[in-house]
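Here the structure is laid out as structure tokens; the discussion comes afterwards.
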């Protein structure tokens, strides 16, 4: 019995390490838009927080996405010459925290419809929160409902419209959510396949 439990623990350990590595690796892919600007906001970060909360247990569930985002932010900030710590980052992290809680609620039993809905909610949640903050601090926006709508859907004049970023956010989140769901299901099946079969005596 002890050997069986040990095998089960090893299988689960490999599952966590492998899935965590995938999350960190894809987190680095946030740098792809540096070469392809049309892919801005086509990012795995939202899906990473959503699925890390759902599929990774314990402290790894928040350590993995946090490390992945911080490392990629360090590189991005150096490239653009931006400060790593600024008010917008706190708003983004607040959005990630809400998405993380949504992932905890979603859990590992979500079907394709539940995953898709949670992915859409996460993408819209992040977009609305960050755009609302931009509306609040940016003097280019009138502090009215119409100004807020402009920030969410059109953006600041002279820059690409906000709805393009929303489109990429939605598409990126749905794509990576589907990918993570497939990987999680595949790894789960492999883990169960490697477990010893218990034989009951008559």
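Please find, among 43, 52, the residue that is modelled with pLDDT of 75 or more, buried (at least 18 other Cβ atoms within 10 Å of the Cβ) and farther than 15 Å from residue 174 by Cβ.
Working: 43 fails: farther than 15 Å from residue 174 by Cβ.
52 is the lone residue from the list that is modelled with pLDDT of 75 or more, buried (at least 18 other Cβ atoms within 10 Å of the Cβ) and farther than 15 Å from residue 174 by Cβ.
Out of the residues in region 55-80 that are under 23 Å from residue 160 (Cα atoms) and surrounded by 15 or more Cβ atoms within 10 Å (Cβ to Cβ), state the one that is modelled with the highest pLDDT.
The residue in question is 73.
Please name all residue pairs, on different chains or six or more residues apart, with Cβ atoms under 6 Å, provided the first residue is in region 82-94 and is closer than 19 Å to residue 128 by Cα and the second residue is assigned to a helix (DSSP H, G or I) and at pLDDT below 80.
From region 82-94, no pairs qualify.
Identify all residues within region 106-117 that are at pLDDT below 90 and surrounded by 11 or more Cβ atoms within 10 Å (Cβ to Cβ); write none if there are none.
Of region 106-117, the ones at pLDDT below 90 are 106-116.
Of everything in region 106-117, those that are at pLDDT below 90 and surrounded by 11 or more Cβ atoms within 10 Å (Cβ to Cβ) turn out to be 106, 107, 108, 110, 114, 115, 116.
Suppose we filter 148, 164 for residues that are buried (at least 16 other Cβ atoms within 10 Å of the Cβ) and assigned to a helix (DSSP H, G or I); which single one remains? Working first, answer last.
Numbers: 164 fails: buried (at least 16 other Cβ atoms within 10 Å of the Cβ).
Only one candidate qualifies: 148.
Whether any residue in region 125-135 is more than 23 Å from the chain's Cα centre (by Cα) and either under 25 Å from residue 32 (Cβ atoms) or modelled with pLDDT of 90 or more (or both) is what I want to check. So that I can check it myself, show each step before the final result.
Of the residues in region 125-135, the ones more than 23 Å from the chain's Cα centre (by Cα) are 135.
Of the ones still in play, those that are also either under 25 Å from residue 32 (Cβ atoms) or modelled with pLDDT of 90 or more (or both) are 135.
The answer is yes; a qualifying residue exists.
Please verify whether residue 154 is in contact (Cβ under 8 Å) with a residue 12 or more places away in the chain and in contact with a helix residue (DSSP H, G or I) (Cβ under 7 Å, 6 or more places away or on another chain), treating the condition exactly as stated. Quick ask: steps written out before the conclusion?
Working: in contact (Cβ under 8 Å) with a residue 12 or more places away in the chain: no; in contact with a helix residue (DSSP H, G or I) (Cβ under 7 Å, 6 or more places away or on another chain): yes.
Against the criterion (in contact (Cβ under 8 Å) with a residue 12 or more places away in the chain and in contact with a helix residue (DSSP H, G or I) (Cβ under 7 Å, 6 or more places away or on another chain)), residue 154 does not qualify.
The values are calculated or read from the model by the stated rules, or taken from the named source; none is laboratory data. Owing to the predicted nature of the structure, the values given are computational and were not obtained by experimental measurement. We place every Cβ from the backbone using ideal geometry, glycine too, and count neighbours over all the protein chains shown.
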